[in-house]
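Some notes on the structure that comes next.
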Amino acid sequence: MSVEKSPFVTSASRALFLAQPKRRSSIGWKVQTARALLIGALTLTVAAPVNAGRIERACNASDRSASRALCSCIQRVADQKLTRTDQRLAAQFFADPQLAQDTRQSDDTRKEAFWKRYKAFGAAATRSCR
């Protein structure tokens, strides 16, 4: 059964197929398909570090001796325990430890609430990321 008559092919796929020039050999098509799959796989592989969270990027960039695996684990825990806003603030602690100290000692109720969440996150990361 040809693509033009197949009931399993959507109209958009059929139109795309029919718009392409006829191929003379199936070898060229196989090479093109393999090349497209390889490019797609490489794109996903290269793009993966870009998707790292704020805390993971800050951890990897810090001068502390933390492995990429440890930073990745800490980010996974942060995703579970902290909001995006909390993560943004916590990531700044890697570059500016004084900010962490100022936040901890602050009398602001929002910062006090954040610090409680941050301590819970730290305890959970300690348990999970040994």
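A short reminder: the numbers here are calculations on the coordinates, not readings from a lab. Bear in mind that the values here come from a model prediction, so they are computed numbers and not experimental data. For neighbour counting, all protein chains shown are included, and Cβ atoms are generated from backbone atoms with ideal geometry for every residue, glycine included.
Go through segment 77-102 and give me each residue that's polar (S, T, N, Q) and assigned to a helix (DSSP H, G or I). If you could, list the steps in order and put the result at the bottom.
Going through segment 77-102, the residues polar (S, T, N, Q) turn out to be 80, 83, 85, 87, 92, 98, 101.
Within segment 77-102, 80, 85, 87, 92, 98, 101 meet the criteria.
Pull up segment 57-76, narrow it to residues that are part of a helix (DSSP H, G or I) and touching a residue at least 24 places away in the same chain (Cβ under 8 Å), then point me to the one that is nearest to residue 123 (Cα to Cα). Lay out the reasoning, then the answer.
Of the residues in segment 57-76, the ones part of a helix (DSSP H, G or I) are 57-61, 68-76.
Narrowing the set further to residues that are touching a residue at least 24 places away in the same chain (Cβ under 8 Å) leaves 57-59, 61, 70, 73-74, 76.
Details: 57: 20, 58: 19, 59: 17, 61: 22, 70: 14, 73: 13, 74: 11, 76: 14 Å.
Result: 74.
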